Amino acid sequence: MFADLISEAPVRSIFDAVEARLPERLALATKLIKQHSQAPLHTVTVENVMGGMRGLPAVLWEVSGTSQAGITYHGRTLRELQDLLPRWPGSSQVSPEAMLWYLYTASAPSPVELAEFARELVRRAAGLPEDAMRFCDGLPADVDSSAQMIMTLTSMSPHSKFARALAEGVPKAQMWRAALEDALDSHIFVPLFAARIYSNKFREGAGRDVPLSVHGDIAENFALRMGRRGDKPFTELIRLYWALHMDHGANVSAHSMRLSSSAWTDPYPTMATGLIAGTGILHAGAILQSIQFNQRMLAALGPAPSPVQIDAYIGRVLEQGRIVPGFGHALLRGVDPRLAPIVQFVQGCGLPTDSEGGQLLQLIGRTSTVVPEVLKRRAPKIKSPAPNVDSLSGCLMYAFGLELDFVLLVMACSRGMGFMSQYVWDRALGLPIERPLSITMDQIAAKL
């Protein structure tokens, strides 16, 4: 066990690991600005401007880089990270804490560092403010789970250590430390708030204050507060989902947080900004759209339709001018690399095939191979008809008993964790506020 190793070897704290990397990153930033500030990176086209900035490399992202081929985290693919990063004892999934450590430091934690990092996060739970918990508990149960989290996060601003450091005049070069303090708090606070919202909304408050396991990781303690103590398959699902969804470059939710935080907004309303953006159906809201779409398809065709039946059903959807959620991606032009580990998990999780969730997963197994070919033929303008992660991840959480209203919060926990690593590095590198130029169509036309 990791706990047995802690007393046997010295460990770096996350502060030590970030600070050790900082001189090299600052030196590179200085070199790029002083020696290459006017070097061209891209020719901006009308399509870039009018197409949602697709294909335009315009946002500096320290923790990952994106392209149509996929994403790399500090130069490594997701597949490589699955081989590199350690697991929690008894788990077959990449540890979310290990992924967090890697995003912050560009290095894998040792087993000892992982154990101590996880213990530090759980210890920070003792600092969860009483007034914020009372605020959360006072929200009506019929308010949407995401709306409850948005309000609760916003209520946390008075407790921001970053905001306090600003008020106290801490030097700009040291503000990353205050940012990291908030970030580490948020890594445990946000999952506990999510579990609290779930308890208040669906369990009449039961278990929302049960003691945490000081030897458990965040996922185990999240499951505990969700009323799923000892539910290893559910805990493994949370580890998988959080590790996979922490960062995906400057997508809508992450870029919303990046834009807000560039004005030195404290982390809590920053994360609320990301969740607001995530509710849109063209972004994370597509997870709910995919569940509902597959539920309708299951009701119409059953769990094992033929390719001909799937073709006809998708054809009717397209003829009605509706979207087919779960396929295509704003960036990727191939199969979403996050799908493979989720598929592997589904194949080994042992869900009963006669439940609605099990039948949904059966249906998705069939549509994932048929629908892309249907879309190629019936909607040839689609740039990439390949399945995306929405096609399976939401239905998997639903199959594990999570209510539709709550599924998005599981994703929000992960995306908030991942972005906080970017937030800290933005402060450490001294990056400026975002302020692009705007341009009208008339101004574009005048340039042509």
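Side notes on the structure shown:
- Of everything listed in (1) assigned to a loop (DSSP other than H, G, I, E, B); (2) touching a helix residue (DSSP H, G or I) at 6+ places or on another chain (Cβ under 7 Å), the single unmet condition for residue 427 is (1).
- Residue in the stretch 287-305 that is modelled with the lowest pLDDT, counting only those that are surrounded by 21 or more Cβ atoms within 10 Å (Cβ to Cβ) and not β-branched (Val, Ile, Thr): 290
- Of the criteria (1) small (Gly, Ala, Ser); (2) outside any loop (DSSP other than H, G, I, E, B); (3) under 28 Å from residue 47 (Cβ atoms), which one residue 284 fails: (2)
- Residues in the stretch 45-57 that are among the hydrophobic types (A, V, I, L, M, F, W, C) and surrounded by 14 or more Cβ atoms within 10 Å (Cβ to Cβ) were compared, and the one that is nearest to residue 283 (Cα to Cα) is 53.
- Of residues in the stretch 137-162 being part of a helix (DSSP H, G or I) and touching a Phe, Trp or Tyr at 6+ places or on another chain (Cβ under 6 Å), the one nearest to residue 265 (Cα to Cα): 157
- A count restricted to the stretch 358-385 and to residues that are surrounded by 18 or more Cβ atoms within 10 Å (Cβ to Cβ) and at pLDDT below 90 stands at 2.
- For the stretch 78-106, a residue qualifies if it is in contact with a Leu (Cβ under 6 Å, 6 or more places away or on another chain), within 15 Å of residue 345 (Cα to Cα) and part of a helix (DSSP H, G or I), but none of them does.
- Residue in the stretch 30-42 that is among the hydroxyl-bearing types (Ser, Thr, Tyr), at pLDDT 95 or above, in a helix (DSSP H, G or I) and under 21 Å from residue 432 (Cβ atoms) present: yes
- When the residues of the stretch 406-431 are filtered to those that are among the aliphatic types (A, V, I, L, M) and within 15 Å of the chain's Cα centre (by Cα), the one that is farthest from residue 182 (Cα to Cα) is 407.
- Flag for residue 227 being in a loop (DSSP other than H, G, I, E, B), touching a residue at least 40 places away in the same chain (Cβ under 8 Å), on the phi > 0 side of the Ramachandran plot and not charged (D, E, K, R): no
- Residues being closer than 19 Å to residue 313 by Cα and either assigned to a loop (DSSP other than H, G, I, E, B) or without any contact (Cβ under 8 Å) to a residue 12 or more places away in the chain (or both) - total across the stretch 374-391: 7
- Set 308, 335: member being of a type in the set (A, V, I, L, M) and touching a residue at least 40 places away in the same chain (Cβ under 8 Å): 335
- Count - residues of the stretch 346-356 that are assigned to a helix (DSSP H, G or I) and either of a type in the set (A, V, I, L, M) or buried (at least 19 other Cβ atoms within 10 Å of the Cβ) (or both): 1
The values are calculated or read from the model by the stated rules, or taken from the named source; none is laboratory data. In this text, all values refer to a predicted model and were calculated from it rather than measured experimentally. As a convention, Cβ positions derive from the backbone with ideal geometry for all residues, glycine included, and neighbour counts pool all protein chains shown.
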